[in-house]
Each structure stands twice: as structure tokens, then as C-alpha cells.
1. Taking the Cα centre of the range 67-108 as origin and charging only Cβ (+1 Lys, Arg; -1 Asp, Glu), how large is the dipole, in debye to the nearest 20?
2. Give, in whole angstrom and from largest to smallest, the semi-axes √(5λ) of the equivalent ellipsoid of the range 44-158, with λ running over the eigenvalues of the Cα gyration tensor.
3. Just order 47-58, 16-27, 114-125 by mean Cβ neighbour count inside 10 Å, highest at the front, would you?
4. Provide the per residue accessible area, probe 1.4 Å, for the chain, rounded to a whole number of square angstrom.
5. In the range 49-128, what percent of the accessible surface is made up of carbon and sulfur (1.4 Å probe, ligands and nucleic acids excluded)?
6. Using only the alpha-carbon atoms, how far is helix 119-135 inclined from the longest principal axis of the chain? Give it as 0 to 90 degrees, nearest 10.
7. From the phi of every residue in the range 71-83, what ³J(HN,Hα) in whole Hz does the Karplus formula 6.51 cos²θ - 1.76 cosθ + 1.60 yield, where θ is phi - 60° and glycine or proline is x?
8. Net charge around Gln123, counting only other residues with Cβ within less than 12 Å of its Cβ (Lys, Arg = +1; Asp, Glu = -1)?
Amino acid sequence: MLCPRDGQEMVHAEFGGVAIDACPACGGIWFDAFELAKFDDAIEHHGEELVAWLEQLVEGSPAVDLSERLHSPAAPEVVMMRRFADPEGTIELDECPATGGIWLDAGELARLRGRFPDEATRQEATRIVIDRVMRCPEFQADRAAEAASLTGVTRVARLLGWLTPWRDAA
């Protein structure tokens with residue numbers, strides 16, 4: 001499998017029964033669908049082993065253009081989607097929409113593991129961000145405008161229902 005960042009051949013290793021593909025040149029790592037969940041929390045010891053292995057695999061901090069859109073290493077014709085791995089948007093990952101695989105750049109797995117020691121902490125951070133968004137004045141204004149629009153649509157629907165009965169006259 002080729003690295004989506006630099007086209008180099010990735011090396012294979014196994015941690016906790018999961019086959020991993022990593023690039024020795026840029027330090028990026030590929031997880032097939034659902035595999036990242038086995039390594040992303042600090043309490044998962046295989047994740048600690050994987051982070052240590054990645055640090056030994058790549059020396060230094062390779063210079064890569066993180067703004068470049070990547071093609072999936074598992075489905076090279078597919079451009080991966082970008083999304084945040086944490087609710088505050090500090091860690092970005094690339095996800096293949098065709099396979100569900102995840103690409104993390106050098107150091108991102110360690111940052112992700114350090115950000116949330118467990119799933120409960122991650123869920124609490126998500127709740128805090130959602131609460132903050134719900135209280136945001138711009139969100140409240142948009143919500144009020146949508147509610148007013150929905151009220152108008154409901155009135156029109158009722159009028160049309162009165163004009164055109166739903167059932168046929170027998």
C-alpha cells in the first residue's frame with residue numbers, strides 16, 4: 001500500500017491483533033474501518049505501543065503539506081474527506097468515504113490519545129461544545145428564524161389540506 005502523503009511504500013506491523021500500515025518517510029498511519037477506536041484512548045495499551053513504534057519508525061518531524069487533499073490508500077480513486085477527531089476541532093483526520101478507513105498524520109495519534117484519556121472524557125467534551133453552540137446568539141437567531149419559517153409552512157399546509165381533502169369522496 002502506498003502512502004497518500006508522499007507515495008512511499010508503507011510498512012506493515014501488527015498491534016493487538018490489528019494490521020497497521022505506516023509510512024516511514026512522513027510518519028502517517030492508515031487504519032482500516034473501525035480500527036482507530038482500538039487505539040485512540042489513553043487506557044488502551046496497544047495504542048501506547050503503537051505510538052512508541054511510530055516514534056522509532058520516523059526520526060524528526062517530517063515536513064508535509066497538511067492542506068493537501070489526499071487520495072485513499074485503500075481506494076486510490078477516492079479523495080478522502082476531512083473531519084475533526086475531537087469536538088473542539090484541534091485534531092483533523094482524513095477519512096475514506098468508500099472504505100471508512102482513517103489516515104492520521106505524524107503525531108496525531110499521540111495527540112488524540114492525550115486529548116481524551118477515555119470515552120467518558122470525550123463525551124463530556126462533546127457535550128460542552130454542543131452546549132456552547134446552543135447558547136450562541138447566532139445559533140439562537142437562526143433557530144428562531146427556522147421556527148418562524150416552519151410556522152408559515154405549517155399554515156400553508158393546513159390551508160392546502162382544507163382546500164384539497166386527503167381522501168376521495170365515496
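The values are calculated or read from the model by the stated rules, or taken from the named source; none is laboratory data. It should be emphasised that the depicted structure is a prediction, and the values quoted were computed from it without experimental measurement. FYI the Cβ positions are ideal-geometry reconstructions off the backbone, even for glycines, and counts take in every protein chain you see. Remember, those area values only see protein heavy atoms, side chains included, never the ligands or the DNA or RNA. Shrake-Rupley method; radii C 1.70, N 1.55, O 1.52, S 1.80 Å.
1. Details: 3 positive and 9 negative charges, 33 e Å.
The calculation lands at about 160 debye.
2. Working: eigenvalues 295, 82, 33 Å².
Largest first, the range 44-158 gives 38, 20, 13 Å.
3. Numbers: 47-58: 16.1, 16-27: 18.5, 114-125: 14.1.
In decreasing order of mean packing, 47-58, 16-27, 114-125 become 16-27, 47-58, 114-125.
4. Numbers: 10670 Å² over 170 residues.
Accessible area per residue: 63 Å².
5. Details: 2270 of 4350 Å².
Carbon and sulfur atoms account for 52 percent of the accessible area of the range 49-128.
6. Here the helix axis deviates by roughly 40 degrees.
7. 8, 5, x, 8, 9, x, 7, 9, 7, 6, 8, 9, 8
8. Values: positive: Arg122, Arg127; negative: Asp41, Asp86, Asp118, Glu119, Glu124.
Cβ neighbours under 12 Å give a net charge of -3.
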